[in-house]
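Here's the structure we're looking at; comments come further down.
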Amino acid sequence: AKKNDRSGWSFYETYMQKEALAKMVLRNNLRYAIERGELSLKYQPQVAAGTRAIVGFEALLRWDSAEHGPVSPAAFIPIAEQSGLIYDIGAWVLREACSFARRLALNGHEDIMIAINVSAKQLAADDFIDLVRNTLADTGIKPSQVELEITESLLMNSLEDARGKLNELRSMGIRLALDDFGTGFSSLTYLWNLPVNTLKIDKSFIDLILYDAAKAKIVSTIIHMAHDFDMLVVAEGVEQEQQLCYLNENCCDLIQGYYISKPVSETEAINMLGNH
Ligand code: C2E
Ligand code: CA
Ligand code: CA
Ligand code: CA
């Protein structure tokens, strides 16, 4: 038994080493992803719950690595955050998404919103506001075409610093969305004090609509509370008709999810608008 314990331990040790090594290799390749042109954005439509007209798109980052093939953002965003690469990557995402918004405006779609994910470290950086201001100026888009998505866990870490920055972004005319709502532990009273335009209900709650009719009540409660605070409500991860019906009946404003469309390329996104 002793022998097994020891080999069990050494297996665990090698497993840890392999994990760390894999992360290191990933990080080293991520360092060159921008200049190698391996990053791209996909755009997932957000539609009105009633009419299903496209109101905006969320920009979602993709990394197609020469070394590793496609890597999920859930895997590489945390590495980018830990290593500080998120500053360059985040700036690239911002510029790319705003350029897309510019091309939409030139095509007569200047009312289509582009939602951009912002990570904790990015918002915390001293030059974040300047970065946003410069990117808007360079691309020449209306600030109201941009919605920055931030998660509640991010805000809770340094609420006072975040609140000041969010107010400044709002005063520039940029829209703000609270992402993954319901997954954190933050108190609602804090959240209602934040200058946020949109609340995105996390997929785990949208799933309840299918699997637990009683708990689905939570979703309608969140929608009505958000409306009391004049927020727009987006349901994310909508995969089935039944969910869309429930959300529409309970006054949810916007729908996002595979039931409407997966994230698509810029060309496909523009084609989808042409059909509306
Ligand atoms: P998120 O912001 O919550 O984005 C929603 C995720 O759910 C996306 O995964 C999207 O493709 C996926 N999704 C959308 N509809 C459905 C559906 O109906 N069913 C299911 N099962 N999934 C759906 P993705 O693209 O893999 O991104 C994962 C996460 O990576 C994002 O979660 C976000 O936190 C982060 N991320 C993506 N792009 C960026 C970025 O440019 N910057 C930063 N900081 N984070 C990003
Ligand atoms: Ca998001
Ligand atoms: Ca989300
Ligand atoms: Ca999420």
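The values are calculated or read from the model by the stated rules, or taken from the named source; none is laboratory data. Please read all numbers here as calculations on a predicted model, not as lab measurements. So basically every Cβ, Gly included, is an ideal-geometry build from the backbone, and we count neighbours across all protein chains shown. Areas reflect the complete protein model, heavy atoms only, side chains present, ligands, DNA and RNA absent. Shrake-Rupley method; radii C 1.70, N 1.55, O 1.52, S 1.80 Å.
At R0 = 22 Å, how high is the FRET efficiency between Ser40 and Glu168 if r is their beta carbon distance? Nearest 0.05 is fine. Mind showing how you got there, number by number?
Working: r = 30 Å, r/R0 = 1.36.
So the FRET efficiency works out to roughly 0.15.
What value does region 60-101 have for Rg/Rh, both radii from Cα atoms and Rh as Kirkwood defines it? If you can, show how the numbers build up before the last one.
Working: Rg = 11.0 Å, Rh = 11.0 Å.
Radius of gyration relative to Kirkwood radius: 0.99.
Report the equivalent ellipsoid semi-axes for the chain in whole Å, largest first, defined as the square roots of five times the eigenvalues of the gyration tensor built from alpha carbon atoms.
32, 25, 21
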Per-residue ellipticity at 222 nm attributable to helices in the chain (runs of n ≥ 4 DSSP H, -39500 (n - 2.57) apiece, nearest 500 deg cm²/dmol) works out to -16000 deg cm²/dmol
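Over the chain, give the accessible area per residue in Å² for a 1.4 Å probe, as an integer.
Working: 14000 Å² over 276 residues.
That works out to 51 Å² for each residue.
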Cβ crowding within 10 Å averaged over residues, with 19-26, 248-255 ranked highest first: 248-255, 19-26
Using Cα atoms only, what is the angle between the long axis of helix 128-139 and the major principal axis of the chain, expressed in degrees (0 to 90) to the nearest 10? 60
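Let me know the shape class of region 1-153, please: from the alpha-carbon gyration tensor, a ≥ b ≥ c as square roots of the eigenvalues, rounded when a/c is under 1.5, otherwise prolate if a/b is greater than b/c, or oblate.
Details: a/c = 2.61, a/b = 2.19, b/c = 1.19.
Here region 1-153 falls in the prolate category.
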Ranking request for peptides 139-147, 75-83: highest mean number of other beta-carbon atoms within 10 Å first, then the rest in descending order. 139-147, 75-83
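Could you look at the chain and say what percent of its accessible area is carbon and sulfur, using a 1.4 Å probe and all protein chains? Mind showing how you got there, number by number?
Numbers: 7260 of 14000 Å².
Carbon-and-sulfur percentage of accessible area, whole number: 52.
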When the chain is modelled as a GNM with alpha-carbon springs shorter than 10 Å, which of Glu241, Glu149, Glu96 fluctuates the most? Glu241
How high is the FRET efficiency from Lys121 to Ser204, r the C-beta distance, R0 30 Å, rounded to 0.05? 0.75
Using a cut-off of 13 Å between alpha-carbon atoms, which aspartates and glutamates can reach Lys203, once sequence neighbours fewer than 8 places away in the same chain are excluded? Asp179, Asp180, Glu236, Glu239
Let me check against my output: what whole-number percent is the relative contact order of the chain, with C-alpha pairs under 8 Å and at least 6 apart? 18
List the trypsin sites (Lys or Arg not before Pro) in region 202-276 that DSSP assigns to loop (not H, G, I, E or B) and whose Cβ has at most 15 other Cβ atoms within 10 Å. Which are they? Lys215
